[in-house]
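Report on one structure; see the data block that follows.
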Amino acid sequence: MIDADTAQLVAEELGHTVKRVAESDVEEGLFDTPDASDNLKARPPVVTIMGHVDHGKTSLLDAIRKANVASGEAGGITQHIGAYQVTAPSGAKITFIDTPGHAAFTQMRARGAKVTDIVILVVAADDGVMPQTIEAINHAKAAKVPMIVAINKVDKPDAKPERVRTELLQYEVQVESMGGETLEVEVSAKERRNLDKLLDAIALQSEVLELKANPEREAEGTVIEAKLDRGRGPVATVLVQRGTLHTGDIVVAGSEYGRVRALISDLGSSIAEAGPSVPVEVLGFNGAPEAGDRLAVVPNEARAREITEYRQRQKRERMAVRVGAARGSLSDMMSQLKASGRKEFPLLVKGDVQGSVEAIISSLEKLGTDEVGARIIHSGVGGINESDVTLAEASGAAIIGFNVRANKEARDAAERVGTEIRYYNIIYDLVDDIKQAMSGLLAPTLREDRLGEARILQVFAVSKVGKVAGCLVQDGKVERGASVRLIRDNVVIHEGKLSTLKRFKDEVKEVGSGQECGMAFENYQDMREGDIIECYRVQEIRRSL
């Protein structure tokens, strides 16, 4: 082996010209080749709907597209990014991307903001600005895209749109009615009020932005969501950003490639091509790409294979570095666990789409504390199969299925080895359940309940029993079997349990305040007159995260 510099010198000595290349050169020219300005044509705006959970984002989109998606959502919460195209009253087309509002879906919202031209911030008039509203504002600012505020649920009796306007000022969002730049519209998704005004505001904003793209070129786009479909194989929801995507094109997205078998529009019909700003489902990938991957059309399969092999290699190397850093030797791991005392809760997560799996993992990682944490041993898109069960059994993990089911072989294998498979379709329930299970691993806290105290009046020596203290209970009560402390001159000199508790000649369970009794300690004889005996009970209290 000789290094590159020596090789170059030798080749040049022999009269050849040398061009140095790097492995990453396979990706050269894949994206961002500039377009000549005369080829550009106007394209529909891409609008992302963002906001807090349950503020009416999907209902607003339903009202605009006259369809009904919200009723089909589990628990009324959007679990995926949906992408739809709508024709405004003016005849112009608008592409909408609906993002989930739940706290777990941060990465999905960030993705929605990245591919968008305009963000619609939905705020419920009866609820005001909430944590995910603030996060959505930050995403929009980070992506440097203009915002339109849609104040929803104005039909409710307790709606206070003015409160929303003033609350937004704290986050540097100044609406037009308050002398700012941000357009705002009061809408009601339920009563379909002012929807035309909202569409006009979008049209106005997109005119200002002068959105253009060249449709006469190879397509480029972004994968918004990806999943494995039983009948159709890997399916990717793609937003075409420039160029036109045709059936039969060879496409690369992340470390997956394929030939476009079919393009399905948001209405479920098959289409032959998709131009700029059109959301489509692409069938024909050899594996589900990752959400957020950029998609590009390549001239032939050899080029596609070259790019994906390079990316897969990179991915493997990154994984190896991560695993290597985490693994170490077994003794290292044991000593680390002992040192940190951290208990781990192993889980295997399978979901229907990439975005949900990503959200679940980030939520579970946030649950962890110094004492206990979730460890995701594997995650993926698609149904639960036998190899998942084998892996879960080997690492003692529970399997979580989010909107997916286990096949028959996997179910049988799980029953045989006793691995638990849990199914969920709402992310709240999933996170709460895991939280409770992880709370079970926390060491309980011990709380001491004081029962009472007694003063020793006289000490008797009794044959076969040893010393017995004759006491007067001063306050509370003393119980047989409870824990006791012997206190002399305000110093604790013994802690233990009572072996006998007598009232006259009878053994009793407890003696109340103001009564006299005889007490003997387990394995301890050194009692003196005037000592105080304090009686208490220790309670274990379960902790929760």
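The values are calculated or read from the model by the stated rules, or taken from the named source; none is laboratory data. Bear in mind that the values here come from a model prediction, so they are computed numbers and not experimental data. Note that we place each Cβ from the backbone using ideal geometry, even for glycine, and neighbour counts take in every protein chain shown. Just so you know, the surface numbers come from the protein's heavy atoms only, side chains and all, with ligands and any DNA or RNA stripped out. Shrake-Rupley method; radii C 1.70, N 1.55, O 1.52, S 1.80 Å.
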Of all residues in the stretch 187-207, which are open to solvent by 50 Å² or more (accessible area, probe 1.4 Å) and in contact (Cβ under 8 Å) with a residue 40 or more places away in the chain? Lys190, Arg192, Asp196, Asp200
Glu448 meets each of (1) surrounded by 12 or more Cβ atoms within 10 Å (Cβ to Cβ); (2) in contact with a strand residue (DSSP E or B) (Cβ under 7 Å, 6 or more places away or on another chain) with one exception, condition (1)
Every pair of residues 6+ apart whose Cβ atoms lie under 8 Å, when the first sits in the stretch 1-27 and is free of Cβ contacts under 8 Å to residues at least 60 places away in the same chain while the second is acidic (Asp, Glu) and open to solvent by 70 Å² or more (accessible area, probe 1.4 Å): Val18/Glu12
Thr222 fails exactly one of the following numbered conditions: (1) assigned to a helix (DSSP H, G or I); (2) in contact with a Leu (Cβ under 6 Å, 6 or more places away or on another chain). What is the number of that condition? (1)
Based on what the data block shows, is Asp370 among the acidic types (Asp, Glu), modelled with pLDDT of 60 or more and within 16 Å of the chain's Cα centre (by Cα)? no
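Okay, residues lined up against (1) touching a Lys or Arg at 6+ places or on another chain (Cβ under 9 Å); (2) within 30 Å of Ala443 (Cβ to Cβ):
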position: Asp489; (1), (2): no, no
position: Leu501; (1), (2): yes, no
position: Tyr536; (1), (2): yes, yes
position: Arg543; (1), (2): no, yes
Against the definition (in contact (Cβ under 8 Å) with a residue 24 or more places away in the chain, out of contact with any Ser or Thr (no Cβ under 7 Å at 6 or more places or on another chain) and over 16 Å from Val357 (Cβ atoms)), how does Ala397 come out, yes or no? no
Can you say whether Val46 is surrounded by 11 or more Cβ atoms within 10 Å (Cβ to Cβ), at pLDDT 85 or above and within 23 Å of Val251 (Cα to Cα), as far as the supplied structure shows? yes
Can you name the strands (runs of 3 or more DSSP E) wholly within the stretch 408-510 that have at least 1 residues being of a type in the set (Val, Ile, Thr) and under 30 Å from Pro100 (Cα atoms)? 421-424
For the stretch 33-42, check the following and say yes or no: at least one residue is closer than 15 Å to Leu198 by Cβ and either under 24 Å from the mean Cα position of the chain (by Cα) or assigned to a loop (DSSP other than H, G, I, E, B) (or both). no
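Would you be able to say whether some residue in the stretch 354-362 is free of Cβ contacts under 8 Å to residues at least 60 places away in the same chain, in contact with a strand residue (DSSP E or B) (Cβ under 8 Å, 6 or more places away or on another chain) and open to solvent by 30 Å² or more (accessible area, probe 1.4 Å)? First the steps, then the outcome.
So in the stretch 354-362, the residues free of Cβ contacts under 8 Å to residues at least 60 places away in the same chain come out as 357, 361.
Narrowing further to those that are in contact with a strand residue (DSSP E or B) (Cβ under 8 Å, 6 or more places away or on another chain): 357, 361.
Right, trim to open to solvent by 30 Å² or more (accessible area, probe 1.4 Å) and you get 361.
Yes, some residue in the stretch 354-362 is free of Cβ contacts under 8 Å to residues at least 60 places away in the same chain, in contact with a strand residue (DSSP E or B) (Cβ under 8 Å, 6 or more places away or on another chain) and open to solvent by 30 Å² or more (accessible area, probe 1.4 Å).
Let's see how each residue does on (1) without any contact (Cβ under 8 Å) to a residue 24 or more places away in the chain; (2) open to solvent by less than 10 Å² (accessible area, probe 1.4 Å); (3) in a strand (DSSP E or B); (4) within 20 Å of Lys114 (Cα to Cα):
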residue: Gly248; (1), (2), (3), (4): yes, no, no, no
residue: Gly284; (1), (2), (3), (4): no, no, yes, no
residue: Pro289; (1), (2), (3), (4): no, yes, no, yes
residue: Val297; (1), (2), (3), (4): no, no, yes, no
Which pairs have Cβ atoms under 6 Å, sit 6 or more apart or on different chains, and link a residue in the stretch 521-545 that is closer than 11 Å to Gly496 by Cα to one that is loosely packed, with under 11 Cβ neighbours inside 10 Å and modelled with pLDDT of 85 or more? Tyr536/Glu448
Note on Ile307: of the conditions (1) modelled with pLDDT of 85 or more; (2) open to solvent by 20 Å² or more (accessible area, probe 1.4 Å), unmet is (2)
Kindly indicate which of Val431, Val462 is modelled with pLDDT under 85 and either loosely packed, with under 13 Cβ neighbours inside 10 Å or within 41 Å of the chain's Cα centre (by Cα) (or both). Val462
Select from the stretch 485-513 the residues that are exposed (fewer than 13 other Cβ atoms within 10 Å of the Cβ) and basic (Lys, Arg) and list them in ascending order. Lys505, Lys509
Failed condition for Ala482, given (1) surrounded by 15 or more Cβ atoms within 10 Å (Cβ to Cβ); (2) under 18 Å from Phe460 (Cβ atoms); (3) out of contact with any Asp or Glu (no Cβ under 8 Å at 6 or more places or on another chain); (4) of a type outside the set (D, E, K, R), with all others met? (2)
Filter the stretch 506-545 for residues that are farther than 30 Å from Ile434 by Cβ and among the hydroxyl-bearing types (Ser, Thr, Tyr) and give the result. Ser513, Tyr524, Tyr536
May I ask you to list pairs of residues, at least six apart or on different chains, whose Cβ atoms are under 8 Å apart, with the first in the stretch 299-322 being acidic (Asp, Glu) and the second being open to solvent by 100 Å² or more (accessible area, probe 1.4 Å) and at pLDDT 90 or above? Glu301/Arg259
Could you run through the stretch 366-406 and say how many residues are aliphatic (A, V, I, L, M) and outside any strand (DSSP E or B)? 7
Please indicate, with yes or no, whether at least one residue in the stretch 342-365 is at pLDDT below 85, assigned to a helix (DSSP H, G or I) and closer than 30 Å to Ala22 by Cβ. yes
Cβ-Cβ under 8 Å, sequence separation 6+ or interchain: first residue in the stretch 31-45 and of a type in the set (Asp, Glu), partner part of a loop (DSSP other than H, G, I, E, B). Which pairs? Asp35/Asn214; Asp35/Arg217
Of everything in the stretch 143-174, what is hydrophobic (A, V, I, L, M, F, W, C), modelled with pLDDT of 85 or more and within 18 Å of Gln132 (Cα to Cα)? Give them in sequence order. Met147, Ile148, Val149, Ala150, Ile151, Val164, Leu168, Leu169
